[in-house]
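Asks: My questions all concern the structure below.
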Amino acid sequence: MTTVINVPPSLDAETIEQVLDQVAPLPRDQKILIDARHTRWASPYALTTLLTIAQTRAERAAFTGPENDDTASYWARTGFYKHAEQLYDLHGHVPRGRNGNESSVLLEITPVAKSEDVHDVVERIQQKAQAILVNELHLDPQATMRFAMTLSEACQNIVEHAQRGGWVAVQTYTWRQRLGRRVVQIAVCDAGIGFRASLESAHGRRMSDRWDDGMALEDAVIRGVSRFRDPGRGQGLAGVRRFVGKWDGKLSVRSGTARIAIVPSWDEDIPLAEDLAPFPGSQIQITIPERIPPR
Amino acid sequence: MINHIDVSSVLRRTVCDLYSNLVTRPTGAAVRTEIENLLSAWRGPSLTVIDFSHVNLLDFSCADEVVAKLLLRFDGGTPPQDAYFLLRGVREDHLDAIEAALERYDLALVMQDDDGGLLLVGTVNDAQRRAWQALREMGRCAADDLATAIGEAPAYAASLLAALHERRLIMRFDDMYVPLGTAQ
């Protein structure tokens, strides 16, 4: 028997939880069909998470994409279908995207598993980043390099800790709901071991009574703790945090049953959400808003 | 002896000839290992200029592997060889990553800007920084000269110079100390 997982019309970091709530209670070998027929919009975080869901299933999942032609076509241009067809049994119409012609896609959905992939991602993002971040989002030219550094560190989280490959995507879009202006968003998702298991693997590490996913995220994201004893470790996420703080951005990291967020004034998210539906790996979202030039 | 290492060339030679970005830990470790190999071939006291001019992007992890872990071997009383390092071609975004890496280990280094000016970067206490700046202005000095310049006792001035030398931030020739960039 196949269980149908209903996907909301608008899919972002908040609403994707509705999908995870439906998937989490099911045994891994339970056949599922992700039904996104009525979905009209999805953030890069949501698209990469949809791919990640497929990686968590022992029984190959099925997927039905958006019926809306514009939405389906856009998803194709983000590279979603190219990877989805490797992971899902695709049902219904599967659009064919033309790569490289979508100005809002700074980096189409790209697999990340090894160090070379990070080089490739950084190389590719720089071709578009300068033009879009500076000319369209009005960020300082200095932000371009820091943006690429941030992207590199977020991707390395997969290479260094996940123990299996993941996905990265970078897109711009207008976030009407919260901001009413454009944002650039980095999404880095994997279905690996997650922060808690990664930190638990540290030799000789002593866990407190309160040890859980939320605390593991606090250690890694806020305190810069790493499973490695090397004091130079843990700099990556610290660097991401600094970048996000400087450009009034938002960082959220979900792992296991918790999500931690560095919340800017324009957002209403809570700093730590716990008791979420359990989901493997870690899912990072970095959102940098368009800068309004002073009048 | 003064040596020049173009980090970008090392990157292309050791990792991939298409890369211009210093990103990821394995890349940084490979570049550092090659720099250490080059250093080990040079005998006697040496000043090595590590040039980042042609490096496009330097991320935090790579700064840790290339810069901090290289300096860490030489910081302290028993360096593997009498080597000093001067960084050149460091852009502002490079510096973000380098400073973050240095702070993790309480390390410091000297870099030279495009105009030839010397800058002390990283973790240095106020007394050491004042001594370093005084030495930079004098060009070279003995402990007594520094003591006069900063208005401190000669023994204290000597201890500051010894500490800076131990951290490979200044060079020593007999009783005289010299800032790194001016010893060329």
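The numbers here are math on the coordinates, done by the rules we state, and not lab data. Predicted, not measured: the structure shown is a model, and the values here were computed from it. Cβ sites come from the backbone with ideal geometry, for glycine too, and all protein chains shown count toward neighbours.
Asks: What ³J(HN,Hα) values, in whole Hz, does the Karplus curve 6.51 cos²θ - 1.76 cosθ + 1.60 give for region A:271-278 when θ = phi - 60°, with x put for Gly and Pro?
Replies: x, 9, 9, 10, 6, 6, 4, x
Asks: Between A:Thr2 and A:Lys114, what's the calculated FRET efficiency when r is the beta-carbon distance and R0 is 35 Å? Round to 0.05.
Replies: Numbers: r = 34 Å, r/R0 = 0.98.
Given R0 = 35 Å and the Cβ-Cβ separation, E is 0.55.
Asks: Given H placed 1.01 Å from N in the peptide plane, which residues other than close sequence neighbours of A:Ala42 have an amide H under 5 Å from its amide H?
Replies: Those lying under 5 Å, H to H, from A:Ala42 are A:Leu11.
Asks: Hey, can you grab everything whose amide H is under 5 Å from the amide H of A:Gly256? Only 5+ residues off in sequence or another chain; H modelled, so Pro and N-termini drop out.
Replies: So A:Gly256 has HN proximity to A:Phe279, A:Gly281.
Asks: Using only the Cα atoms of region B:14-162, what are the Rg and Dmax in Å?
Replies: 16.6, 55
Asks: How would B:Thr48, A:Thr287 line up from fewest to most surrounding beta-carbon atoms within 10 angstrom? Don't skip to the answer; put the middle values down first.
Replies: Values: B:Thr48 21, A:Thr287 27.
Fewest-to-most Cβ neighbours within 10 Å comes out as B:Thr48, A:Thr287.
Asks: Once you have a ≥ b ≥ c as the square roots of the Cα gyration tensor eigenvalues for region B:124-184, tell me rounded if a/c is under 1.5, and otherwise prolate or oblate according to whether a/b is larger than b/c. Before the final figure, lay out each step's value.
Replies: Values: a/c = 1.43, a/b = 1.28, b/c = 1.12.
Note, shape of region B:124-184 comes out rounded.
Asks: How much of the DSSP beta bridge set in the protein assembly as shown is antiparallel, as a percent to the nearest 5?
Replies: 60
Asks: Next up: Would you work out the relative contact order for region A:24-154, in percent, from Cα pairs under 8 angstrom that are 6 or more residues apart?
Replies: About 19 percent, as a whole number.
Asks: Can you list the HN-Hα couplings for region B:67-73, worked out from phi with the Karplus curve (6.51, -1.76, 1.60; θ = phi - 60°), rounded to whole Hz and with x for Gly and Pro?
Replies: 8, 5, 6, 5, 5, 4, 5
Asks: Using only the alpha carbons, work out the radius of gyration and Dmax of region A:1-102 in angstrom.
Replies: 12.6, 40
Asks: Can I ask one more? For the residues B:Ser46, A:Ser198, A:Ser265, what sequence is obtained by ranking on other C-beta atoms within 10 Å, fewest first?
Replies: On the way: B:Ser46 15, A:Ser198 22, A:Ser265 6.
Ranking B:Ser46, A:Ser198, A:Ser265 by Cβ neighbours within 10 Å, fewest first, gives A:Ser265, B:Ser46, A:Ser198.
Asks: Through the Karplus equation 6.51 cos²θ - 1.76 cosθ + 1.60, θ set to phi - 60°, convert the phi angles of region B:27-35 into ³J(HN,Hα) values in whole Hz; use x for Gly and Pro.
Replies: So the J values, rounded to whole Hz, are 5, x, 5, 5, 5, 4, 4, 5, 4.
Asks: Follow-up. How large are Rg and Dmax for the protein assembly as shown when calculated on the C-alpha trace, in angstrom?
Replies: In Å, with Rg to one decimal and Dmax whole: 25.4, 88.
Asks: If you don't mind, another one. Amide H neighbours of A:Thr3 under 5 Å, counting only residues 5+ apart in sequence or on other chains, H built in-plane at 1.01 Å?
Replies: Close amide H contacts, sequence-distant or interchain: A:Lys31, A:Ile32, A:Leu33.
Asks: In addition: To the nearest 500 deg cm²/dmol, what mean residue ellipticity at 222 nm is calculated for chain A from DSSP H runs of n ≥ 4 alone, each contributing -39,500 (n - 2.57), summed and divided by the residues? Let's see the in-between values first.
Replies: On the way: 9 runs with 92 residues, N = 295.
Helices in chain A give a 222 nm mean residue ellipticity of -9000 deg cm²/dmol.
Asks: Within a 10 angstrom radius of each residue's Cβ in B:99-107, how many Cβ atoms of other chains show up on average? Whole number is fine.
Replies: Details: counts 0, 5, 3, 0, 1, 8, 3, 1, 0.
Rounded to a whole number, the mean comes out at 2.
Asks: Any idea what the relative contact order of region B:1-123 is, in percent, if you count C-alpha pairs under 8 Å spaced at least 6 apart?
Replies: Numbers: 219 pairs, mean separation 30.7, N = 123.
With pairs under 8 Å counted, the relative contact order is 25 percent.
Asks: Nearest 0.05, what FRET efficiency do B:Ser53 and B:Ala153 give at R0 = 35 Å with Cβ-Cβ as r? Walk me through the numbers before you get to the answer.
Replies: Values: r = 42 Å, r/R0 = 1.21.
FRET efficiency, B:Ser53 to B:Ala153: 0.25.
Asks: So how do B:Ile35, B:Ile170 line up by other beta-carbon neighbours within 10 Å, fewest first? Intermediate values should be presented prior to the final figure.
Replies: Working: B:Ile35 20, B:Ile170 26.
Fewest-to-most Cβ neighbours within 10 Å comes out as B:Ile35, B:Ile170.
Asks: Student exercise: in the protein assembly as shown, how many lysine pairs 8 or more apart or on different chains have Cα atoms under 22 Å apart?
Replies: Numbers: A:Lys31/A:Lys82; A:Lys82/A:Lys114; A:Lys82/A:Lys128; A:Lys128/A:Lys246; A:Lys128/A:Lys250.
Close lysine pairs under the 22 Å cut-off: 5.
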